[in-house]
Amino acid sequence: RPGSPFMFKIPSTGERPMRYEVLDLPSGLVCNENTGYITGVINEAGTYKTTFKVTNSSGTAEREFRIVCGDQLALTPHMGWNSWYVWENHVTDSIMRAAADAMVSSGMIDHGYMYVNIDDCWAVKPGASDPALAGEPRDANGMVNSNNRFPDMRSLTDYIHSLGLKAGIYTSPGPLTCAGHTGAYQHEEQDIKRFAEWGFDFLKYDWCSYGNIAETDSLSELQKPYILISEILKSQNRDIVLNLCQYGMGDVWKWGKSVGGNSWRTAGDLGLKFEEIGKALFRDGFDVFTDNGLHNYGGPGAWNDPDYLLIGYLSNWKGSTSPTPLTPDEQYTQISLWSLQSAPLIFSGDITRLDDFTLSLLTNDEIIEVDQDPLGKPGFRVSKKDDLEVWKKNMEDGSIAAGLFNRGDTKARVTALWSDLGISGKQNVR
Ligand code: GLA
């Protein structure tokens, strides 16, 4: 937004060292030619067409890039990592720093991953016997305290920013978060002020104990805490993306944007039961294949969020991690479906322990292009014959991304008919 600190690291793959140059960079911004890190402040709203040029010993690559400065954040779906499904309530400052380091050393940053997000359990847990989590929830002025696992939040976000990444935090509109840590209830102004001072760029606002505060389950009660928090967020002089987490109640996709959400969880937790992740993803009540018209609601600045990418090593909820129970085909399916649906690509497995297959799924640029297409039109199903489905997403350049899925347990041939895709004649296919 005009006047807010701007941070963007140009994603680029290939041999280092590289030299970065940006043509037509809007005034107020500078690009570090050695790191490709663009920082500064744009004061005037507008759409700025720039060209990125990156040079190494093999030559120069260039690409047009639009920098859009205005009221709306998150014009493309968020890309990043979240601590929940691997570290759940064991998350610490050093885990977050190691995650940020890994986003760089794995190369994920070079494919556009940007947010390093702490989930629940950074705040004090009232009544906890564990000294790492116990303490005063707030200081004498009512400002929220982090627990002993997070000795200095500002130094943590400074570290994340120094790598060219952004930092996310989590809280609840209720008195307590889902895991029983301090929530923002009746301290909303103070907490957002504190998150802004700490330097956070992203907030996940998780309903949790607000269920005990809401007087009814009417739409206005469902919307109230989110309207309040988004107004407070907008009044900060830094840009903080707002992710609504209330599990899809009241068909949140129909109003998430109007209450200031940049994304909203469309359903419950996909990874709550480790052994049943596949079932949750593809067969359960909140099946992401459900034909519920969600695609009519997502768009630039406001995205459907079906939850995190559950690949790699995940918490098995028994005190350790295990490889995802999803089969390779199911993993291809999750990444493809999320990208076709313009969903946030937030990986929540162990980022410090990426095997080649997991990394290849996360860093497939052609798939990321589908997810991040600036037109921001989520895809939808165009045909279904028993277990076989075809999905389509319209892209900004006029092309179509098509997804062919076999949801059955046996091999099958899936056909995408031109008529289903809404095209005719000769077409180029990749
Ligand atoms: C809820 C959310 C999860 C996670 C946990 C943390 O279950 O849906 O994504 O944030 O709370 O306690």
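Cβ distances below 4.7 Å define possible disulfide partners, and in the chain the cysteines left without one are Cys31, Cys69, Cys121, Cys245. A protection proxy built from the mean count of other Cβ atoms within 10 Å ranks the segments 275-281, 251-257, most packed first, as 251-257, 275-281.
Figure the gain on full extension for Val30 and Lys49 (residue separation times 0.36 nm, minus the Cα-Cα span) and round it to one decimal in nm.
That works out to 5.3 nm of additional length.
Multiply the residue separation of Asp409 and Ser4 by 0.36 nm, subtract the distance between their alpha-carbon atoms, and state the gained length in nm to one decimal.
140.7 nm
Using C-alpha pairs below 8 Å separated by at least 6 residues, the relative contact order for the chain is 12 percent. Centre-to-centre, using Cα atoms only, segment 280-352 and segment 172-196 are separated by 27 Å.
The relative contact order of segment 282-430 comes to 20 percent, based on Cα pairs under 8 Å that sit 6 or more residues apart. Put simply, when 412-419, 391-398, 101-108 are sorted by average Cβ atoms within 10 angstrom per residue, most first, you get 101-108, 391-398, 412-419.
Read the figures in this text as sums done on the coordinates, not as results from a lab. Remember, predicted model here, so these are calculated numbers, not experimental data. As a convention, Cβ positions derive from the backbone with ideal geometry for all residues, glycine included, and neighbour counts pool all protein chains shown.
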